[in-house]
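J.: Pasting a structure below so you can have a look.
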Amino acid sequence: MKKTILAGLIASASIVGLAACTSDNTAENQTPPMPATSDISVTDITRDYLLSTDRLATVDGAELNQASEADVAALKAQIENAEAGSTITIPAGKYPHLGVVTVTANNITIKAEQAGATWLTGLVQLVLEGDDITVDGVVFTEGGPAERFGAIRMMGDRNTLQNSTFYYFNHDYEYEPDERRSEYPKYLWLSLWGKEGKVINNQFEGKQKRGTLIGVQKNETPDNHYIAHNIFLDQQQNQFNELDIKEAIRYNGNSWEAIRIGDSKASQWPSNSQFVDNLMINMDGERELISIKSGGNVIGGNTIFESAALISLRHGKANVVDSNVIIGNEKLLTGGIRIYDEDHVIKNNYISGTRGRDGLIEGNADLRGGVVINTGIIDVENNETLDQSVKGKELNKQWTPKNITVSNNTLVDTEWGFVYGNQTHRVSLFNNDVVETIFTGVNVNFDSNVIDNTQNPQFVSVRATSDHPLVNATYSNEFYAGNITEGEQLGEYSATLPKSVKHGGFNSYEGAGADVNELSIITAEVAGPDYRLVGTFQR
């Protein structure tokens with residue numbers, strides 16, 4: 001295998017020739033770390049606790065020199081002209097305005113000589129057209145994506161982003177509302193287009209402009225991406241006054257997800273991707289934190305802390321939401337999981353301290369409960385489907401839930417527990433007219449769930465509605481302590497909770513609720529890169 005090294009950058013020295021090396025640091029040779037476990041109570045967990053670790057090296061941005069234009073041009077040429085099997089090792093420094101850099105060869109590694117000390121600043125986009133390309137240990141900051149699909153476009157198969165950081169990468173590109181309808185542009189940080197991509201042990205911090213952070217673009221074939229052990233921090237909406245334009249608030253308030261897997265037009269095809277064992281803190285982009293718009297995905301083992309958003313099964317079938325720990329910590333607009341479409345399994349999740357309430361954006365069905373069974377606009381009981389060719393019933397509309405399993409979940413101190421939807425639906429993001437006929441979920445099976453609102457009995461453990469009752473819902477071994485609205489709409493349940501003990505910081509209930517032995521709190525001990533940045537700045 002041929003490998004190359006980019007010569008060191010010292011002060012204003014020029015880039016010089018190439019030399020051989022024999023290192024190998026691909027994702028395939030790394031053993032994924034085990035999730036963290038602790039006896040700290042879920043209610044005592046803090047941001048500092050989640051991010052505390054002794055395993056990280058420190059990289060000081062103030063000590064990094066800026067490369068010259070000649071150095072940057074040489075680096076760009078080396079990457080674009082790399083031969084198959086090459087490794088390009090980039091010395092410490094700041095490399096501004098690489099622009100769009102296209103990698104066509106296969107089996108290429110682009111890595112920082114010192115992880116975290118190679119900063120790509122200004123406008124940049126790495127287009128990974130080849131297969132088996134790895135980007136390792138690189139920082140994207142003090143700039144922004146050179147094109148709307150992100151600073152990295154993973155176009156080929158089996159491409160990997162690992163041990164890298166995006167830090168407040170929100171600048172240098174044009175960001176103004178358009179003249180047509182005052183809509184702000186949508187810029188991603190990372191997009192995946194090929195198959196079997198890996199995004200592992202990275203940190204994504206401070207996305208503050210419109211556009212999904214990570215977007216999976218797909219076709220009719222499964223993607224099989226693996227996105228794991230990443231840290232997501234501090235995604236905030238409206239930092240640039242995007243919501244000040246009243247007539248555009250509904251669509252400018254959309255497309256702020258941390259990750260979107262698929263899109264509406266491709267939603268009836270499987271992605272079969274995994275979003276697992278990630279840590280998400282203060283991710284307040286919009287109501288959809290993890291937006292699923294495809295089928296066969298697993299959202300499992302993630303820790304979501306103080307994030308005013310939900311796991312959203314927006315489109316697509318047969319997705320599994322399993323063993324996530326969602327800690328609202330009494331923050332407003334926190335919630336759990338919302339459901340559209342068919343054949344999903346929601347199991348073994350632990351949801352604590354959420355404080356969802358009606359949102360301020362009209363028409364967006366924004367009640368944020370622990371588990372929300374949304375209404376839809378099609379009669380799935382009689383096998384009606386959405387169809388891209390039918391006006392008003394296109395695939396981007398609301399597919400009524402059907403054949404949903406909700407089992408062995410624990411909800412503790414949740415202002416809204418299970419919510420049976422009666423939401424108003426609008427014609428589209430751009431048409432605020434109300435859809436006249438809506439339908440409720442069909443064949444929703446509740447089994448061995450616990451909702452414990454004994455701490456705040458006024459909280460609504462289950463909100464059912466007689467005007468929009470679920471169809472053919474079943475209940476088995478259900479326990480609901482707290483306020484029940486229109487309880488006659490429910491099947492059999494007990495208002496007396498099973499015996500419980502504290503185990504590993506979780507409430508463990510005898511014979512029901514989440515199996516806490518299968519739960520873990522993800523922390524920086526196992527997630528994110530192996531360095532921390534200091535000497536950074538936001539602008």
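The values are calculated or read from the model by the stated rules, or taken from the named source; none is laboratory data. Note that the structure is predicted; figures quoted are calculated from it, not measured. Glycine gets a Cβ as well: all are built from the backbone with ideal geometry, and neighbour counts include every protein chain shown. Heavy atoms of the whole protein, side chains included, go into the accessibility calculation; ligands, DNA and RNA do not. Shrake-Rupley method; radii C 1.70, N 1.55, O 1.52, S 1.80 Å.
J.: Among the numbered criteria (1) surrounded by fewer than 24 Cβ atoms within 10 Å (Cβ to Cβ); (2) farther than 25 Å from residue 396 by Cα, which single criterion is violated by residue 302?
T.: The single condition residue 302 does not satisfy is (1).
J.: Further, regarding this structure: Mind listing just one residue for me: the one in the range 426-454 that is at pLDDT 95 or above and among the polar types (S, T, N, Q) and, of those, nearest to residue 340 (Cα to Cα)?
T.: 443
J.: Ok, one more. May I ask you to list pairs of residues, at least six apart or on different chains, whose Cβ atoms are under 6 Å apart, with the first in the range 479-498 being within 14 Å of residue 465 (Cβ to Cβ) and the second being open to solvent by 30 Å² or more (accessible area, probe 1.4 Å) and assigned to a strand (DSSP E or B)?
T.: 485/463
J.: For residue 488, only one of the following conditions fails: (1) assigned to a loop (DSSP other than H, G, I, E, B); (2) open to solvent by 30 Å² or more (accessible area, probe 1.4 Å); (3) modelled with pLDDT under 95; (4) not aromatic (Phe, Trp, Tyr). What is its number?
T.: Result: residue 488 passes all but (1).
Per-residue answers, yes or no, for (1) modelled with pLDDT under 95; (2) in contact with a Cys (Cβ under 8 Å, 6 or more places away or on another chain); (3) open to solvent by 70 Å² or more (accessible area, probe 1.4 Å):
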{"position": "40", "(1), (2), (3)": "yes, no, no"}
{"position": "59", "(1), (2), (3)": "no, no, no"}
{"position": "68", "(1), (2), (3)": "no, no, no"}
{"position": "83", "(1), (2), (3)": "no, no, yes"}
{"position": "98", "(1), (2), (3)": "no, no, no"}
{"position": "112", "(1), (2), (3)": "no, no, no"}
{"position": "127", "(1), (2), (3)": "no, no, no"}
{"position": "131", "(1), (2), (3)": "no, no, no"}
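J.: Sort out which residues of the range 198-232 are basic (Lys, Arg), open to solvent by 10 Å² or more (accessible area, probe 1.4 Å) and not in a strand (DSSP E or B), and write them in order of number.
T.: Taking the range 198-232 and keeping what is basic (Lys, Arg), we get 198, 207, 209-210, 218.
Retained after the next criterion (residues that are open to solvent by 10 Å² or more (accessible area, probe 1.4 Å)): 198, 209, 218.
Correct list: 209, 218.
J.: Determine which single condition residue 517 fails, assuming it passes every other condition in (1) in a loop (DSSP other than H, G, I, E, B); (2) surrounded by fewer than 20 Cβ atoms within 10 Å (Cβ to Cβ); (3) not small (Gly, Ala, Ser).
T.: (1)
J.: List pairs: first residue in the range 445-459 and closer than 11 Å to residue 351 by Cα, second residue among the β-branched types (Val, Ile, Thr) and open to solvent by 10 Å² or more (accessible area, probe 1.4 Å) anywhere in the structure, Cβ distance under 9 angstrom, at least six positions apart or on different chains.
T.: 450/412; 451/412; 452/412
J.: Just need a number here: residues in the range 432-465 that are of a type outside the set (Phe, Trp, Tyr), assigned to a strand (DSSP E or B) and closer than 25 Å to residue 408 by Cβ.
T.: Here is the first cut: in the range 432-465, the residues of a type outside the set (Phe, Trp, Tyr) are 432-438, 440-445, 447-458, 460-465.
Narrowing the set further to residues that are assigned to a strand (DSSP E or B) leaves 432-434, 442-445, 447, 450-452, 460-463.
If we keep only those that are closer than 25 Å to residue 408 by Cβ too, we end up with 442-445, 447, 450-452, 460-463.
Residues meeting the conditions: 12.
J.: Taking the range 233-291 as the region of interest, how many residues are assigned to a loop (DSSP other than H, G, I, E, B), open to solvent by less than 20 Å² (accessible area, probe 1.4 Å) and either of a type in the set (A, V, I, L, M, F, W, C) or in contact (Cβ under 8 Å) with a residue 60 or more places away in the chain (or both)?
T.: The total comes to 8.
J.: Identify, from the list 351, 304, 299, 378, the residue that is assigned to a strand (DSSP E or B) and either in contact with a Ser or Thr (Cβ under 8 Å, 6 or more places away or on another chain) or touching a residue at least 40 places away in the same chain (Cβ under 8 Å) (or both). Before the answer, list the steps.
T.: Details: 304 fails: either in contact with a Ser or Thr (Cβ under 8 Å, 6 or more places away or on another chain) or touching a residue at least 40 places away in the same chain (Cβ under 8 Å) (or both); 299 fails: either in contact with a Ser or Thr (Cβ under 8 Å, 6 or more places away or on another chain) or touching a residue at least 40 places away in the same chain (Cβ under 8 Å) (or both); 378 fails: assigned to a strand (DSSP E or B).
Result: 351 is the single residue among 351, 304, 299, 378 that is assigned to a strand (DSSP E or B) and either in contact with a Ser or Thr (Cβ under 8 Å, 6 or more places away or on another chain) or touching a residue at least 40 places away in the same chain (Cβ under 8 Å) (or both).
J.: List the number of the failed condition for residue 53; all other conditions in (1) buried (at least 21 other Cβ atoms within 10 Å of the Cβ); (2) assigned to a loop (DSSP other than H, G, I, E, B) hold.
T.: For residue 53, the exception is condition (1).
J.: Applying the selection to the range 173-188, what residues are surrounded by fewer than 22 Cβ atoms within 10 Å (Cβ to Cβ) and in contact with a Gly (Cβ under 8 Å, 6 or more places away or on another chain)?
T.: 173, 185, 186
J.: Next question, about the same structure. With respect to residue 204, determine if the residue is on the phi < 0 side of the Ramachandran plot, free of Cβ contacts under 8 Å to residues at least 40 places away in the same chain and under 18 Å from the mean Cα position of the chain (by Cα). If you could, list the steps in order and put the result at the bottom.
T.: Numbers: on the phi < 0 side of the Ramachandran plot: yes; free of Cβ contacts under 8 Å to residues at least 40 places away in the same chain: no; under 18 Å from the mean Cα position of the chain (by Cα): yes.
It is false that residue 204 is on the phi < 0 side of the Ramachandran plot, free of Cβ contacts under 8 Å to residues at least 40 places away in the same chain and under 18 Å from the mean Cα position of the chain (by Cα).
J.: Any residue that is of a type in the set (S, T, N, Q) and more than 31 Å from the chain's Cα centre (by Cα) - is there at least one of those in the range 499-512?
T.: Yes.
J.: Here's a follow-up. Output the residues belonging to the range 191-240 that are of a type in the set (Asp, Glu) and farther than 27 Å from residue 48 by Cβ.
T.: Residues of the range 191-240 of a type in the set (Asp, Glu): 196, 205, 220, 223, 234.
Matches in the range 191-240: 196, 220, 223.
J.: At least 2 residues that are in contact (Cβ under 8 Å) with a residue 24 or more places away in the chain and more than 25 Å from residue 527 (Cα to Cα) in each: list the strands (runs of 3 or more DSSP E) lying fully within the range 95-188 that qualify. I'd like the intermediate steps shown before the answer.
T.: On the way: elements: 99-103, 109-112, 118-128, 134-136, 138-145, 152-154, 160-162, 165-167.
Where strands (runs of 3 or more DSSP E) fall fully within the range 95-188 and carry at least 2 residues being in contact (Cβ under 8 Å) with a residue 24 or more places away in the chain and more than 25 Å from residue 527 (Cα to Cα), they are 99-103, 118-128.
J.: Please pick out the residue among 314, 338 that is part of a strand (DSSP E or B), in contact (Cβ under 8 Å) with a residue 24 or more places away in the chain, touching a helix residue (DSSP H, G or I) at 6+ places or on another chain (Cβ under 9 Å) and surrounded by 24 or more Cβ atoms within 10 Å (Cβ to Cβ). First the steps, then the outcome.
T.: On the way: 338 fails: touching a helix residue (DSSP H, G or I) at 6+ places or on another chain (Cβ under 9 Å).
Among 314, 338, only 314 is part of a strand (DSSP E or B), in contact (Cβ under 8 Å) with a residue 24 or more places away in the chain, touching a helix residue (DSSP H, G or I) at 6+ places or on another chain (Cβ under 9 Å) and surrounded by 24 or more Cβ atoms within 10 Å (Cβ to Cβ).
J.: Criterion first (of a type outside the set (Asp, Glu) and in contact with a strand residue (DSSP E or B) (Cβ under 8 Å, 6 or more places away or on another chain)) does residue 254 satisfy it?
T.: no
J.: Looking at the range 189-197, can you tell me whether even one residue there is within 26 Å of residue 307 (Cβ to Cβ), assigned to a loop (DSSP other than H, G, I, E, B) and open to solvent by 10 Å² or more (accessible area, probe 1.4 Å)? Give the steps one after another, and end with the answer.
T.: Just the residues of the range 189-197 that are within 26 Å of residue 307 (Cβ to Cβ), to begin with: 189-192, 197.
Adding the requirement that they be assigned to a loop (DSSP other than H, G, I, E, B) leaves 189, 197.
Still in the running and open to solvent by 10 Å² or more (accessible area, probe 1.4 Å): none.
Checked the range 189-197: no residue is within 26 Å of residue 307 (Cβ to Cβ), assigned to a loop (DSSP other than H, G, I, E, B) and open to solvent by 10 Å² or more (accessible area, probe 1.4 Å).
J.: I'm checking my understanding of the structure. Among residues of the range 56-81 that are under 18 Å from residue 530 (Cβ atoms) and in a strand (DSSP E or B), which one is farthest from the chain's Cα centre (by Cα)?
T.: In this case the residue turns out to be 60.
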